[in-house]
Amino acid sequence: MKKILVIHGPNLNLLGIREPAVYGKVTLNSIDKELKKAAKKRKASLTIKQSNHEGQIVDLIGDARGRFSGILINPAAYTHTSVAIRDAIAGCGIPAVEVHLSNIYTREEFRKKSLVSPVVKGTVAGFGVNSYILGLEALLDLLE
Ligand code: DQA
């Protein structure tokens with residue numbers, strides 16, 4: 001059974017009330033439910049974490065070695081700022097897929113740059129909760 005670590009970055013705990021015009025009304029809980037359904041169909045197991053703290057996310061990625069076969073990550077605002085998360089992904093030796101609810105390339109200029117994209121297998125952005133599902137499916141395909 002493939003074991004996947006799902007990491008939700010900062011402020012994603014606020015989904016549902018946070019900028020609904022951008023992120024819709026979907027809650028993190030409902031995203032997690034959809035992910036678990038999709039994982040069950042593929043006979044994969046998920047461990048899901050949310051953190052608002054950069055160092056904690058770095059620790060999660062670093063500790064994933066030997067415990068998980070893939071990482072699905074929405075680094076949220078850290079996408080655009082965190083060399084530490086980028087380096088953790090590059091160094092952990094586990095394939096990762098980056099996802100975003102919104103299309104970061106159609107928003108503010110500062111969101112157009114992802115420090116994480118060059119070190120992941122691929123990125124899915126702009127499809128709301130489907131970004132996560134598509135990202136998970138692609139990650140599992142890759143691991144098979
Ligand atoms: C986000 C996009 C980021 O720019 C933003 O900081 C987020 C969410 C997304 O899922 O669309 O917090 O990662």
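Throughout, read-outs are computed from the coordinates displayed, never taken from laboratory work. From a predicted model like this one, the values you see are computed outputs, not experimental measurements. Note that we place each Cβ from the backbone using ideal geometry, even for glycine, and neighbour counts take in every protein chain shown.
Relative contact order, whole percent, for the chain stands at 27, derived from Cα pairs under 8 Å and 6 or more residues apart. With both labels modelled 7 Å from their Cα along Cα-to-Cβ, the Leu142 to Arg67 distance reads 2.1 nm. Amide H contacts of Lys2 (H built 1.01 Å from N, in plane; Pro and chain starts excluded): Ser45 sit under 5 Å, all sequence-distant by 5 or more or on other chains. May I ask for log10 I(q)/I(0) of the chain at q = 0.09, 0.19, 0.21 Å⁻¹, from a Debye sum over the Cα atoms as equal point scatterers with solvent left out? Once normalised to I(0) and log-transformed, intensities are -0.23, -1.13, -1.41.
A cut-off of 5 Å between modelled amide H atoms, ignoring neighbours fewer than 5 places along the same chain, links Ile48 with Val6. Amide hydrogen proximity for Ala96: with H placed 1.01 Å from N in the peptide plane, the residues at 5 or more positions away or on another chain lying under 5 Å are Ile71, Lys121. Backbone geometry of segment 112-121 corresponds, through the Karplus equation with coefficients 6.51, -1.76 and 1.60 at θ = phi - 60°, to 3J(HN,Hα) couplings of 6, 9, 10, 6, 8, 3, x, 10, 10, 5 Hz, x marking Gly and Pro. When you count the other C-beta atoms within 10 angstrom of each residue and take the mean per peptide, 47-59, 80-92, 14-26 line up highest first as 80-92, 47-59, 14-26.
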